[in-house]
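The values are calculated or read from the model by the stated rules, or taken from the named source; none is laboratory data. For clarity, every value in this text was computed on a predicted model and none was experimentally measured. Neighbour counts run over all protein chains shown; Cβ positions are idealised from the backbone, glycine included. The accessibility values were calculated without ligands, DNA or RNA, using every heavy atom of the protein model including side chains. Shrake-Rupley method; radii C 1.70, N 1.55, O 1.52, S 1.80 Å.
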Amino acid sequence: MPVGGLVRRTADDAADLVVRNAKIHTGDPGRPQAEALAIRNGVIMVVGDDKDMAPHLGEETKVVDALGRRMIPGLNDSHVHVIRGGLNYVLELRWDGVTSLRQALAMLREQAARTPKGQWVRVVGGFSAEQFAERRLPTVAELNAAAPDTPVFVLHLYQSAILNRAALKVVGYTRDTPDPKGGQIVRGRNGEPTGVLLAAPSALILYSILAKAPTLEGEDRKTSTRHYFRELNRFGLTSAIDAAGGFQSFPDNYAAVVELAAAGQLSLRIAYHLFPQTGGQELDDLTRWMEMVSPQDGDEWLRLNGAGENLTWASADFENFAQPRPELGGADTDFEKAVRLLMENGWGFRLHATYDETIRRDLAVFEKLAAEGLFPAGNRWLFDHAETVSRSSLDRIAALGGAMSVQNRLSFQGEAFVRRYGPGAAADAPPIRAMLDLGLTVGAGTDATRVSSYNPWVALHWLVSGRTVGGMAIHPPANRVDRETALTMFTRSGAALTGEEAVKGMLRAGYYGDLAVLSDDYFTVPESDIPHIESLLTVTGGRIVYAAAEYEGLDEELPALKPAWSPVAHFGGYQASPRPSTSGARQADLIGQAVTESEQHRQWRAQRGHTPDARTEVLDPCFEM
């Protein structure tokens, strides 16, 4: 494309890639703004004006004109199940971004007709009923009608799953099947399973069913992973911290990313964690892994970051806000042993902790070990999620040298949280501003793919607006952050959680050449448009890993997507929709949001005795409904 104003010359230090004519937000306090940068051998050489690029242009330099668009550092999701997501991506029908249940069911019906015998149609998270115009989930009858013969599994958050008749038959659930611990099989009047499964409160019942579905093997896993990473690159993601998770065994389920890294085929930098999978043998697993790998093993593309997000199964809590908070069990002596083992061997860790009760219990163990000098000891450790963490717990975390990672789970579960705990509790779920005001490192992420969507702009919108995907405002201005702070949480803070803050998270000479040129200017678009931003050009380590619009065809070629009947091959991944600011429904959307907020405020005041709980009497019968 044209590169007016720049003259090519031969140079010993010629750049591999120059991006010019951009509105660059560098994230660097020393130089916040620029218009061009040059990258060589995967590292930024210079950041400056267009004229500063001239000495770095060689015969082989690729020059890209950003056409005045906004450029930012590559995004870093600090908590995402990216390895597990990659192994299954091409088999999943994604409802991420779908705006109506009618559209979702049409997609499911069409996919069922394309799916061969022996395979399932699976919708595995990334959506909420609140994002649909109908504000509800599909019924079992609707799934049976859409797919009478093909097994269908629809996972909704950590709350429930819906199976059609064919799926119930495949998994073998009958009236004689007992409810598993922590789960419920909903039954009809005749005692037969209806097809609805409830996490009550444990999601293991949901995931154990999903584990029965057919999987990919060998090269197909690597192909699926590469296409999933390309999908993440689509939104400007260049790094991710993998939080491991259930049914993700080491080293078997890590083989795909290890082999891709060895072949130089990763388009996303990954720092990963190790999660013991079997209750009762967690200490054995951790001890064995310490003989195999060490923190920081690997390189800038794939590296071990520590243990977690669970260390022992007995110490885990759950995050199903449709159910009451589970009562904690007794003291877990293996948890203390696990933490001691990690700290004594220089391992960092992260802990899944939804409730303050869990966090206080864990902190008591840390403070006991601190008396022996094990905290703070330079090991990086953090709490994840922390929706109900208290200010006193945050003070204790800071004193022990910990950090935080927050996710936009309430983008998708905010309405359920408000129904159970009320708008007052939701206003500080989690208390992001309090964390930042204490000086804690606070990374931001999504917790995709089985709860939230992997689209980071939905999470950035939540941080800035405090709104759910259904439009409910749950965070008041006092617990929201400005756009620059939110972006920092998705860049520099994530780098700090992996000890890479000196090389990643900013656009500065000597830092990794990771960047995204955006479809819309994040800093100036209407707030409601933030979730609709995508990257048009994503660069990781100086390689163009995603290109769209004017840049289409500049990115690396991927192997053909398989199998041919893959939902991703037909529908793609995230379903983009028109930006609200360009939609004729914009005014109606704003009115709907105002009505929702007004009703929530009325309920909050009524609960505190400030106003009657009854609605205003309707005096004109023309307005009665």
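Of the residues Ala448, Ala459, which single one is open to solvent by less than 10 Å² (accessible area, probe 1.4 Å), of a type in the set (A, V, I, L, M, F, W, C) and either part of a loop (DSSP other than H, G, I, E, B) or at pLDDT below 95 (or both)?
Just one listed residue meets the conditions, Ala448.
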Legend entry - Matching residues in the stretch 282-318 - criterion: being small (Gly, Ala, Ser), closer than 27 Å to Val451 by Cα and open to solvent by 40 Å² or more (accessible area, probe 1.4 Å): Ala314
Legend entry - Filter result for Val19 (part of a strand (DSSP E or B), among the aliphatic types (A, V, I, L, M), touching a residue at least 60 places away in the same chain (Cβ under 8 Å) and crowded, with 22+ Cβ neighbours inside 10 Å): yes
Inset, instruction - Output the residue which, of all residues in the stretch 50-64 that are among the acidic types (Asp, Glu) and over 14 Å from Ile39 (Cβ atoms), is farthest from the chain's Cα centre (by Cα). - result: Glu59
Legend entry - Matching residues in the stretch 354-401 - criterion: being outside any helix (DSSP H, G or I), among the hydrophobic types (A, V, I, L, M, F, W, C) and free of Cβ contacts under 8 Å to residues at least 24 places away in the same chain: Ala371
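Scan Gly118, Gly126, Gly195, Gly188 and give me the residue that is on the phi > 0 side of the Ramachandran plot, open to solvent by 20 Å² or more (accessible area, probe 1.4 Å) and not hydrophobic (A, V, I, L, M, F, W, C).
The unique qualifying residue is Gly118.
Hey, could you check the stretch 342-353 for residues that are outside any helix (DSSP H, G or I) and out of contact with any Lys or Arg (no Cβ under 8 Å at 6 or more places or on another chain) and say which is farthest from Pro295 (Cα to Cα)?
Ala353
Out of Gln265, Gln277, which single residue is out of contact with any Cys (no Cβ under 9 Å at 6 or more places or on another chain), in a loop (DSSP other than H, G, I, E, B) and closer than 25 Å to Ala502 by Cα?
Gln265
Here is a yes/no grid of residues against (1) β-branched (Val, Ile, Thr); (2) within 24 Å of the chain's Cα centre (by Cα); (3) open to solvent by less than 50 Å² (accessible area, probe 1.4 Å):
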| site | (1), (2), (3) |
| --- | --- |
| Arg350 | no, yes, yes |
| Asp356 | no, yes, yes |
| Glu367 | no, no, no |
| Asn379 | no, no, yes |
| Asp384 | no, yes, yes |
| Val389 | yes, yes, yes |
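For the stretch 329-341, enumerate the residues that are assigned to a loop (DSSP other than H, G, I, E, B) and loosely packed, with under 15 Cβ neighbours inside 10 Å.
The answer is Gly329, Gly330, Ala331.
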Inset, instruction - From (1) over 20 Å from Val568 (Cα atoms); (2) at pLDDT 95 or above, pick out the condition that doesn't hold for Thr225. - result: (1)
Inset, instruction - Could you please tell me which pairs satisfy a Cβ distance under 6 Å, a separation of 6+ or placement on different chains, a first residue in the stretch 45-74 that is among the hydrophobic types (A, V, I, L, M, F, W, C) and in a strand (DSSP E or B), and a second residue that is surrounded by fewer than 20 Cβ atoms within 10 Å (Cβ to Cβ) and at pLDDT below 95? - result: Val63/Val3
Legend entry - Subset of the stretch 90-111 (residues that are open to solvent by 10 Å² or more (accessible area, probe 1.4 Å), out of contact with any strand residue (DSSP E or B) (no Cβ under 9 Å at 6 or more places or on another chain) and under 30 Å from His352 (Cβ atoms)): Gly97
Inset, instruction - Please name all residue pairs, on different chains or six or more residues apart, with Cβ atoms under 7 Å, provided the first residue is in the stretch 303-314 and is under 13 Å from Arg350 (Cα atoms) and the second residue is of a type in the set (Lys, Arg) and open to solvent by less than 10 Å² (accessible area, probe 1.4 Å). - result: Gly306/Arg350; Gly308/Arg350; Glu309/Arg350
Inset, instruction - Quickly run through the stretch 410-439 and pick out the residues that are buried (at least 20 other Cβ atoms within 10 Å of the Cβ) and assigned to a loop (DSSP other than H, G, I, E, B). - result: Asp428, Ala429, Pro430, Pro431
Inset, instruction - Would you be able to say whether some residue in the stretch 67-79 is in contact with a Lys or Arg (Cβ under 8 Å, 6 or more places away or on another chain), open to solvent by 10 Å² or more (accessible area, probe 1.4 Å) and hydrophobic (A, V, I, L, M, F, W, C)? - result: no
